[in-house]
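The values are calculated or read from the model by the stated rules, or taken from the named source; none is laboratory data. Given the structure is predicted, the values throughout are model-derived calculations rather than measurements. Ideal geometry is used to build each Cβ from the backbone, glycine not excepted, and the neighbour counts take in all protein chains shown. SASA here: full protein model, heavy atoms, side chains in, ligands and nucleic acids out. Shrake-Rupley method; radii C 1.70, N 1.55, O 1.52, S 1.80 Å.
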Amino acid sequence: MVVSSQMFASGFQINEHGARGMAMAGAYTALALDGSALYYNPAGLSQLNGTQFMLGTTLISPSATFRGVSPDIDEYIMETAVFTPINFYITHQLSEKWVIGLGVNNQYGLGTTWDEDWIGRYLAIDTEVQTFYFTGGASYKLSDEFSLGVTASYVYGNVTIMKKNSLSPFEGDATIDLSGNGGAFAYSVGLLYKPSKSFSVGLDFRSGSEFTFAGDAEVTSPSQFTGLIPHGSIEAPLSLPYNATVGVAFLPNDDLTISADFQYVGWSSYDKMEVTFTEYNGEDGNPYVSTSIRDYTNSWIARLGAEYSFSESFDLRGGILYDSSPVKDEWVEPSLPDANRWGFNIGFGYKFTPNLVLDLAYMYLRFNERTIENSNVDYTSGAAGFNGVYNSSAHLLGINLSYYLN
Amino acid sequence: MIIGCEDRSDLTAPQAPNTGEADFTKFVSIGNSLTAGYQNASLYESTQIYSFGKLIADQVGTDFVQPLISEPGIPGKLEIVSLSPDIVFTPNSGFGEPTNLGYAAPYNNLGVPGAILFDLIDETDFQQKTIARGNPFFSLVLRNQEMGKSIIEQALNLQATFITLWIGNNDVLGYATSGGTSGTDAATGKLPTDVPTFTSLYNMVGNALTDTTGHRKIAAANIPDVQNIPYFTTVGPQMGAGIEAAISQNPAIMGLFYQKNGETVATGLASPDDLYIGNLLITLTGGAYAGLLGDTEGKYYASIGETPPPGIDTNQPFGFHPQNPWPDRFVLDADEIVITKDATTAFNGVIKSTVDANSDTWVLVDVNKFFAGVADGGMMIDGINFSTSFILGNTFSLDGVHPTTRGYAVIANEFIKKINSKFGASISQINVSTLPASVPLAKTSISKESNYILKNTPLKNISM
């Protein structure tokens with residue numbers, strides 16, 4: 001099973017970890033009504049009775065093209081793939097006040113593949129990032145209005161990057177395969193405030209995490225270059241961003257819920273990708289370091305969602321979101337063809353029995369066409385900006401089954 | 001607005017640029033190997049498509065037909081066999097073939113490798129000339145005298161509206177690369193073309209090409225000083241270091257004994273310093289024998305398959321004794337350097353006079369000045385550092401004389417700059433880093449006697 005995702009939220013964040021929240025465009029921080037509260041807002045756990053299981057996946061089918069390099073207008077098409085980040089949650093009510101939970105999901109991920117001989121081959125051919133969040137959490141009900149929640153996660157991540165490298169001034173290319181993995185910790189705290197039946201506010205803060213990936217670099221090159229290109233053991237630090245979200249939900253009557261979230265993402269943590277070749281010394285006699293500037297900016301996502309109950313057993317949901325890209329024009333590159341985007345969501349929940357629920361969500365993600373004219377990303381062995389036009393979109397299908405043991 | 005169709009209105013293909021008073025409808029390049037796109041001691045398609053003429057034609061958007069030759073070129077191109085610990089390169093043992101000999105008009109690229117100025121107007125049958133000169137390119141490029149009896153005639157028969165002219169290099173380079181042992185002057189055949197001959201020939205070419213109606217424009221390049229090219233600057237310092245080390249072991253060694261012009265027993269003696277600072281230039285072809293310095297078994301004569309001439313004593317250490325000296329053909333000594341420089345200066349004066357006399361339609365491309373700049377500390381262009389260092393300087397190919405693909409692109413940009421300023425054109429310059437690096441790598445490792453070996457050349461610029 002491939003557990004990964006392409007640029008599905010800005011940067012390489014994945015925000016869809018439960019089909020009910022996803023169908024409402026992720027405007028779920030003030031609701032957090034199922035096991036995915038472990039992700040959206042752990043204070044929401046306090047609303048969950050008995051023992052609950054929730055298992056699901058999100059099928060993601062992205063597409064992207066690049067036309068360039070300016071002034072040329074040749075079109076290059078990213079290879080299609082379907083990614084399947086998973087989510088799994090178990091919650092258990094210990095007492096009137098305490099609910100605990102365990103969960104697994106993939107909060108960051110990325111997968112892009114371009115033709116190995118394409119014009120951007122020195123920038124990206126195959127890029128894959130996976131993260132697994134193993135999370136434990138608990139909520140405490142301070143009062144009927146206030147709940148608090150916390151989580152702690154161990155995060156396992158792995159990265160593979162395959163691209164080509166110029167042998168300039170010699171003809172031809174070498175192929176560089178970097179792979180590495182690492183672990184990190186993260187936590188989150190959440191607050192849920194429900195002053196009345198018809199209104200709630202949620203706050204959630206998820207910490208960033210600091211990885212040091214360790215792995216190795218394999219080089220395939222003409223025999224003349226054997227041993228001359230950086231290779232062997234590598235280390236690479238990576239900082240994933242914090243997220244701070246505020247959400248509100250209105251329930252004007254028993255059947256309708258309207259919710260909105262504003263999520264702020266601290267992507268400026270990702271300023272560069274720095275790979276140290278611990279066994280290969282550069283000209284200065286120190287381990288060789290390859291640095292790629294990322295220079296991300298903090299970004300935000302605005303979400304609006306709604307849910308309408310047609311019956312005891314059927315809820316219809318929809319939503320819309322706008323997600324701003326943390327990647328500056330001058331640093332956009334094809335390993336992550338990022339852009340501001342709109343997401344359009346629809347979905348439903350169906351109760352087979354009071355204890356067994358199916359949630360489905362579909363999202364169409366439309367990236368704004370992005371024209372780059374001031375690229376600092378060099379696609380040659382000298383200095384030539386990777387200017388051109390990116391167009392991307394994605395279809396996502398979220399599926400969850402939940403089972404309640406009362 | 002959001003889900004609507006992609007906006008492709010910005011995606012019009014680039015328009016042909018304004019070429020001002022210059023009309024590129026029929027664009028012809030006249031010259032020698034530098035115009036042909038020759039590099040790595042060979043002519044072959046994957047670099048011909050980056051000849052400076054073709055690069056200009058692509059920027060302008062005009063047709064430019066060339067006498068393409070399949071891989072590995074004619075003759076087989078030089079290729080890198082190994083890079084570490086020493087750089088070793090050797091000619092590919094295969095041969096390429098012409099692929100569009102049947103093209104029914106003169107080629108737009110009339111660059112003939114090996115051509116001297118005289119060859120532009122010479123009307124000798126091309127096949128005869130190929131045999132007489134041992135140069136296949138007269139018949140490969142010019143083919144049939146029905147297309148024009150000479151290079152100039154073929155250009156005029158094409159009704160060229162724009163011409164690049166870069167000729168005269170071989171009138172001095174032939175002398176220099178032979179270590180001053182052969183040349184192109186009428187009287188002795190052992191010196192550069194004599195200045196009166198060069199002057200009258202260049203004037204004839206100028207008169208033939210100048211369009212009295214003023215329509216046809218001509219960009220003429222001059223001749224770079226050759227003593228800065230890697231063909232002359234690479235091996236000498238390495239030998240200097242080797243000799244210095246030998247002297248420290250054996251103080252009886254006096255330095256490098258080398259044959260002055262025409263000598264058998266040598267009177268030339270050079271110190272390591274002479275070799276470091278270039279008072280004495282060693283040719284790149286000499287690099288193959290630099291490892292034999294001090295040899296007392298006659299290996300040099302054995303490897304070139306010659307019997308040592310009378311007066312040579314191969315029991316003496318090679319290069320360290322007057323009776324077994326470093327060969328004349330691998331050295332350009334101080335006197336020969338002066339002859340080379342003087343010829344270059346004189347030829348460039350002639351070229352400038354011709355351009356000045358026809359300044360309505362001619363413009364000078366001062367390639368000599370440009371390369372002097374590259375030689376003097378290097379030049380960063382489009383993120384690539386161009387210098388005259390061998391191989392890693394990015395400018396020159398493995399033969400040490402002809403540019404790399406990116407080097408040719410730099411030259412094309414020099415032409416474009418002059419065309420723009422002189423004729424009011426606005427042709428875009430080429431981002432040279434977008435062209436492929438072009439130093440060839442051998443597919444299989446081979447070892448033969450004719451390998452060029454450069455000792456201990458550091459290679460630490462491969463980054464990622």
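Here are the numbers for this structure:
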read-out: Neighbourhood charge, 13 Å Cβ-Cβ cut-off, centred on residue A:233 and excluding it, Lys, Arg +1 and Asp, Glu -1; value: -4
read-out: Hydrodynamic radius of the range A:1-145 per Kirkwood, over alpha carbon pairs, in Å; value: 17.0 Å
read-out: Helical segments meeting 15 Å axial Cα length and Kyte-Doolittle -1.0 threshold in chain B (DSSP H); value: B:195-209, B:235-249, B:334-357, B:405-423
read-out: List B:133, B:216, A:121, ordered by accessible area with a 1.4 Å probe, largest first; value: B:133, A:121, B:216
read-out: Sum of -39500 (n - 2.57) over DSSP H runs of 4+, divided by residues of chain B (222 nm, nearest 500); value: -8500 deg cm²/dmol
read-out: Which of A:341, A:294 is most accessible, then next, and so on - probe 1.4 Å; value: A:294, A:341
read-out: Solvent exposure, largest accessible area first (probe 1.4 Å, DNA, RNA and ligands not counted), of B:184, A:212; value: A:212, B:184
read-out: Globularity index of the range B:251-305, i.e. its alpha-carbon radius of gyration over 2.2 N^0.38 Å; value: 1.19
read-out: Within the range B:370-394, backbone nitrogen closer than 20 Å to the virtual label 7 Å beyond the Cα of residue B:241 toward Cβ; value: B:377-378, B:387-394
read-out: Radius of gyration and maximum dimension Dmax of the protein assembly as shown, Cα, Å; value: 35.8, 116
read-out: Within the range B:232-332: Cβ-based charge dipole about Cα centre, in debye rounded to nearest 20 (Lys, Arg +1; Asp, Glu -1); value: 100 debye
read-out: Radius of gyration and maximum dimension Dmax of the range A:160-241, Cα, Å; value: 22.7, 74
read-out: Point-to-point label distance, residue B:329-residue A:253, nm (Cα→Cβ direction, 7 Å offset); value: 10.4 nm
read-out: Per-selection Kirkwood Rh - the range A:19-405 (Cα, Å, 1 d.p.); value: 22.4 Å
read-out: Full-extension gain in nm, residue A:154 to residue A:51, via 0.36 nm per residue minus C-alpha separation; value: 34.8 nm
read-out: Charge tally in the Cβ shell below 13 Å around residue B:186, where Lys, Arg are +1 and Asp, Glu are -1, residue B:186 excluded; value: -2
read-out: Hydrodynamic radius by Kirkwood, which averages 1/r over all alpha carbon pairs of the range B:232-332, in angstrom; value: 13.2 Å
read-out: Summed residue charge, Cβ within 10 Å of residue A:188's Cβ, Lys/Arg positive, Asp/Glu negative; value: 0
read-out: Inter-label distance for residue B:103 and residue A:300, nm, one decimal - labels placed 7 Å from Cα along Cα-to-Cβ; value: 6.1 nm
read-out: Simple label model, 7 Å out from Cα along Cβ direction - residue B:366 to residue B:70, nm; value: 4.6 nm
read-out: Centroid-to-centroid separation of the range B:75-142 and the range A:345-406 [C-alpha atoms, Å]; value: 57 Å
read-out: Calculated FRET efficiency for the pair residue B:428/residue B:204, C-beta based, R₀ 25 Å, to 0.05; value: 0.10
read-out: Chain B: projected area of the alpha-carbon convex hull, averaged over directions, in nm²; value: 26.1 nm²
read-out: Whole-number percent relative contact order across chain B, with pairs defined as alpha carbons under 8 Å at least 6 apart; value: 21 percent
